[in-house]
Amino acid sequence: MENAKKEALREKYTEKYHADERESNVTKEGLAAGGAIAIAYCVVRIVYLGLAKGRFALAELILLLLIVFVTTAIQHQNKVYDIPTYFGRRLNTGTDRKAKMSRILMYMGDAAAFAAVYLAADLIFHFTTNLTSSAVLDGIIDFFIGFVIMFLLDMLLGESKVKKYNAYQKQLEEEENNLDD
């Protein structure tokens, strides 16, 4: 019953606002560009307020989190299981040991890149504020902490996405096999 209502609503909507695939793609690209500009603005504002003014940009942080939440909710609703890419390469979604090791190496590379950027930003902050503590020791600690946190986050989120993707692919294969019978 619910599906019939949804289908009737969808037909009514498409009759009133008919758009072909090209128009739909142009609209989506425009929305994505607007979202990218909003994200860039928020990041620049957070950095500016944090470094130049010494304040916390709560509104911008909330907006960033809201953008991520809405995007994730829409992808989940439409069953879009986007496999993460690291350095332009898609994660291997296999379930064997070799595939899992290749994913772990990608997570480690991403974590190292994040930790290096975090370290560079921290060193710039350290030297511009004339802190008296040891920059080398602070840098090593910051790199290690950034690496561990990013590695764990990458691994948790990446493996969760791979698991959901594999389960969805298995479900599609089972449905296809049931149609053949």
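The values are calculated or read from the model by the stated rules, or taken from the named source; none is laboratory data. For clarity, every value in this text was computed on a predicted model and none was experimentally measured. All Cβ positions, even for glycine, are placed from backbone atoms using ideal geometry, and neighbour counts span all protein chains on display.
Observations
- The single residue among Tyr81, Tyr107 that is surrounded by 15 or more Cβ atoms within 10 Å (Cβ to Cβ) and closer than 15 Å to Met150 by Cα turns out to be Tyr107.
- Set side by side, the residues Leu105, Leu153, Leu157 differ, and just one is free of Cβ contacts under 8 Å to residues at least 12 places away in the same chain and either outside any helix (DSSP H, G or I) or closer than 18 Å to Gly88 by Cα (or both), which is Leu105.
- When every residue of region 65-83 is checked against the conditions, none turns out to be of a type outside the set (A, V, I, L, M, F, W, C), more than 18 Å from the chain's Cα centre (by Cα), modelled with pLDDT of 85 or more and part of a helix (DSSP H, G or I).
- Counted residues, region 19-30 - those being surrounded by 10 or more Cβ atoms within 10 Å (Cβ to Cβ) and assigned to a helix (DSSP H, G or I): 8
- Scanning region 112-132 for residues that are surrounded by 15 or more Cβ atoms within 10 Å (Cβ to Cβ), closer than 30 Å to Asn166 by Cβ and touching a residue at least 40 places away in the same chain (Cβ under 8 Å) turns up nothing.
- Contacts under 6 angstrom Cβ, first residue in region 72-94 being without any contact (Cβ under 8 Å) to a residue 40 or more places away in the chain, partner among the β-branched types (Val, Ile, Thr), 6 or more apart: Arg90/Ile83
- Meets criteria (within 29 Å of Thr72 (Cα to Cα) and crowded, with 16+ Cβ neighbours inside 10 Å) for Tyr168: no
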